[in-house]
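So the structure is just underneath, and the comments pick up after that.
The values are calculated or read from the model by the stated rules, or taken from the named source; none is laboratory data. Every value quoted in this text rests on a predicted model; they were computed, and no experiment measured them. Every residue, glycine as well, gets a Cβ built from its backbone with ideal geometry; the counts of neighbours run over all protein chains shown. Keep in mind that these areas ignore ligands, DNA and RNA; they rest on the heavy atoms of the full protein, side chains included. Shrake-Rupley method; radii C 1.70, N 1.55, O 1.52, S 1.80 Å.
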Amino acid sequence: QAQLVESGGGLVQAGGSLRLSCAASGSISSIAVMGWYRQAPGKQRELVATVSSGGTTNYADSVKGRFTISRDNAKKVVYLQMSSLKPEDTAVYYCSAAIRPTFFAAWKEFWGQGTQVTVSS
């Protein structure tokens with residue numbers, strides 16, 4: 001079974017920066033799109049950013065120009081560089097990846113456990 005392990009969350013002041021990392025491990029034949037999502041208390045989970053295996057990126061309008069998603073295919077790691085953080089960015093951030101565990105297996109979406117990001121004003 002594949003696993004995603006996140007790191008880098010924490011407390012930061014408004015205007016500051018933080019970088020999240022998510023490493024995939026376990027049974028992995030291929031990884032397609034990888035992404036970051038977040039969920040604030042009392043709100044629905046929302047897409048933050050995605051990056052394809054070829055490096056094509058997409059961002060939520062709320063984070064464009066402030067966040068950068070990237071990946072290292074060799075290391076099987078996806079990053080989220082967050083700058084100019086705002087209190088409204090406070091949420092639990094989850095990474096996700098579409099993974100084919102083996103050559104004959106179907107694609108399956110995997111999720112990390114989530115990491116708390118708190119931005120103080």
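Would you kindly state the longest site-free stretch of the chain, with sites defined as trypsin sites (Lys or Arg not before Pro) in a DSSP loop (not H, G, I, E, B) surrounded by at most 14 other Cβ atoms within 10 Å? Excluding the exposed sites themselves, the longest stretch runs over 76-121.
Dipole check for the chain: with +1 at the C-beta of Lys and Arg, -1 at the C-beta of Asp and Glu, and the Cα centre as origin, the magnitude is about 140 Debye.
A simple count of charges around I31, restricted to other residues whose Cβ falls under 9 Å of its Cβ and scoring Lys, Arg +1 and Asp, Glu -1, yields +3. Comparing Cα centroids, segment 98-121 and segment 40-70 end up 14 angstrom apart.
So for the chain, if I pair up every lysine 8 or more residues apart or on another chain, how many of those pairs have alpha-carbons under 20 Å apart? Before the final figure, lay out each step's value.
Working: K43/K86; K64/K86; K75/K108; K76/K108.
So the count of such lysine pairs works out to 4.
Counting only protein heavy atoms and a 1.4 Å probe, the chain has 53 square angstrom of accessible area per residue.
Loop-resident chymotrypsin sites (Phe, Trp or Tyr not before Pro) (DSSP state other than H, G, I, E or B) in segment 90-121 with no more than 13 further Cβ atoms inside 10 Å of their Cβ: F103, F104, W107.
Work through the residues other than A2 whose Cβ is under 13 Å from its Cβ and net out their charges, Lys, Arg +1 and Asp, Glu -1. Before the final figure, lay out each step's value.
Working: positive: K76, R100, K108; negative: E109.
The answer is +2.
Roughly speaking, to the nearest percent, how much of segment 15-84's 1.4 Å accessible area is carbon and sulfur? It is 45 percent, rounded to a whole number.
Charges only on Cβ, +1 for Lys and Arg, -1 for Asp and Glu: so what's the dipole of segment 1-71 about the Cα centre, in debye to the nearest 20?
Values: 7 positive and 3 negative charges, 23 e Å.
Taking the Cα centre of segment 1-71 as origin, the dipole is about 120 debye.
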